[in-house]
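Right, one structure below, let's go through it.
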Amino acid sequence: MMRAWFLSMLLILCGVAAATGLILGGSPGRAATVLLAFVLLAGLNSPLVFPRSIGASEAQRLSAADGRPIVYWRPGCKFCLRLRFRLGRRARRLHWVNIWRDPAAAEAVRAVNEGNETVPTVVVAGRPYTNPDPAWVREQLSPSATA
């Protein structure tokens, strides 16, 4: 759990340090702007941006039942963020699995990526795709793709 929040906490601490230096230097307006920028960056790199994560076994069971893709991701991954934002509201229709919270998920990702924890890894109909184009993932969510 702590690993997922590490980058966000580090960004906030850096922002507080930078803002403190600016305040002591007599620039409270710049300090507020810098702190706000760091807080926004921390939020973007936190698990809060992503839909609720579930375990790998639960995701596999649900995907087998409803046919929706599984996305293996981790906090701080810029490619995961890109996929999440490009999917927009449709992201909630996927099963999201945080590989830092589930060792079985990390192992599943390593098994299909030559031992690397390369994310996002999207599993559609049992077949893994590493860092697919968000437009392609969106197509997999269309009613004609699941029919």
Checklist entry - Which of (1) touching a residue at least 40 places away in the same chain (Cβ under 8 Å); (2) surrounded by 19 or more Cβ atoms within 10 Å (Cβ to Cβ); (3) assigned to a helix (DSSP H, G or I); (4) of a type in the set (A, V, I, L, M, F, W, C) does Ala104 not meet, given it meets every other one? => result (2)
Checklist entry - What is the number of the single condition among (1) exposed (fewer than 14 other Cβ atoms within 10 Å of the Cβ); (2) among the β-branched types (Val, Ile, Thr); (3) within 17 Å of Pro128 (Cβ to Cβ) that Thr33 does not meet? => result (3)
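Evaluate the range 92-101: report whether one residue or more is among the polar types (S, T, N, Q) and either at pLDDT 95 or above or under 18 Å from Arg138 (Cα atoms) (or both). Walk me through it before giving the result.
Applying the first criterion (among the polar types (S, T, N, Q)) to the range 92-101 yields 98.
In the following step, the residues that additionally are either at pLDDT 95 or above or under 18 Å from Arg138 (Cα atoms) (or both) were identified as none.
Checking the range 92-101: not a single residue is among the polar types (S, T, N, Q) and either at pLDDT 95 or above or under 18 Å from Arg138 (Cα atoms) (or both).
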Checklist entry - Restricted to the range 10-19, and to residues that are surrounded by 13 or more Cβ atoms within 10 Å (Cβ to Cβ) and not small (Gly, Ala, Ser), which residue is farthest from Cys77 (Cα to Cα)? => result Val16
Checklist entry - With Ala56, Ala64, Ala91 as the choices, which residue is free of Cβ contacts under 8 Å to residues at least 12 places away in the same chain and of a type outside the set (D, E, K, R)? => result Ala64
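The values are calculated or read from the model by the stated rules, or taken from the named source; none is laboratory data. Quick caveat: nothing in here was measured; it's all calculated off a predicted structure. Cβ coordinates were reconstructed from backbone atoms using ideal geometry, including for glycine residues, and neighbour counts include every protein chain displayed.
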